[in-house]
Amino acid sequence: MPVRLLVVADTHLPKRAKALPPEVLAELDACDGVVHAGDWVDLATLDLLEAHAPFVLACAGNNDGPELHRRLPEVARRELEGVRLAVVHETGPAAGREARMDARFPDLDVLVFGHSHIPWDSTTPTGLRLLNPGSPTDRRRQPHRTYGVLVLDAGRIGWTLHRLGG
């Protein structure tokens, strides 16, 4: 049975926005779980997602305080629908990312990451899918705020990046 996941990173609440966008909250209701790649900033967002999603697979980021770091690991892992999935906040510079992640995560099929606020979708030489959903609250140098939806189904991986208003 397919698993539909809301994928976000770098929410930076309440510094970059007061709340998650309505489109993200609507997607939350349609998903089987949430993946968050760190830089929450506030505990309220973690509590909100945990209260509304069947599960949250998440890590802490460099802008998260001690309490979020106590509740969340640096890397979180889970196998769903035959897909080995992990989430981490930071992967370093774009140059050389595929080789570094192949070496660091040889046992994964999908790695979700954040930090840059720049959407990313690539596949490494070993077949590891690297996904960054950007940020739904802080577009930085990007034309749009973004979030993703990841669908896992019997080993198959579907990815859709959604744009929010500029």
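The values are calculated or read from the model by the stated rules, or taken from the named source; none is laboratory data. Everything numeric here is computed off the predicted structure, so don't read it as measured data. Counting neighbours? That spans all protein chains shown, and the Cβs are built from the backbone with ideal geometry, glycine included.
Taking the range 1-27, which residues are at pLDDT below 95 and within 20 Å of Glu81 (Cβ to Cβ)?
Met1
So in the range 76-117, with the set limited to residues that are surrounded by fewer than 14 Cβ atoms within 10 Å (Cβ to Cβ) and among the hydrophobic types (A, V, I, L, M, F, W, C), which one is nearest to Thr45 (Cα to Cα)?
If we take residues in the range 76-117 being surrounded by fewer than 14 Cβ atoms within 10 Å (Cβ to Cβ) and among the hydrophobic types (A, V, I, L, M, F, W, C), then Ala94 is nearest to Thr45 (Cα to Cα).
Those residues that are within 16 Å of Arg163 (Cβ to Cβ), among the acidic types (Asp, Glu) and outside any loop (DSSP other than H, G, I, E, B), I need them from the range 1-30; list them, please.
Across the range 1-30, the qualifying residues are Glu23, Glu27.
Specify the residue that is surrounded by the most Cβ atoms within 10 Å (Cβ to Cβ); the eligible residues are those in the range 118-166 that are aliphatic (A, V, I, L, M) and within 22 Å of Ala99 (Cα to Cα).
Among residues in the range 118-166 that are aliphatic (A, V, I, L, M) and within 22 Å of Ala99 (Cα to Cα), the one surrounded by the most Cβ atoms within 10 Å (Cβ to Cβ) is Leu131.
Exactly one condition in (1) among the hydrophobic types (A, V, I, L, M, F, W, C); (2) out of contact with any Leu (no Cβ under 9 Å at 6 or more places or on another chain); (3) in a helix (DSSP H, G or I); (4) touching a residue at least 12 places away in the same chain (Cβ under 8 Å) is not met by Met101; state its number.
Against the list (1) among the hydrophobic types (A, V, I, L, M, F, W, C); (2) out of contact with any Leu (no Cβ under 9 Å at 6 or more places or on another chain); (3) in a helix (DSSP H, G or I); (4) touching a residue at least 12 places away in the same chain (Cβ under 8 Å), Met101 comes up short only on (2).
Against the definition (under 23 Å from Leu152 (Cα atoms), among the acidic types (Asp, Glu) and either touching a residue at least 24 places away in the same chain (Cβ under 8 Å) or assigned to a helix (DSSP H, G or I) (or both)), how does Glu67 come out, yes or no? Even if it seems obvious, please write down each step before you answer.
Working: under 23 Å from Leu152 (Cα atoms): no; among the acidic types (Asp, Glu): yes; either touching a residue at least 24 places away in the same chain (Cβ under 8 Å) or assigned to a helix (DSSP H, G or I) (or both): yes.
No.
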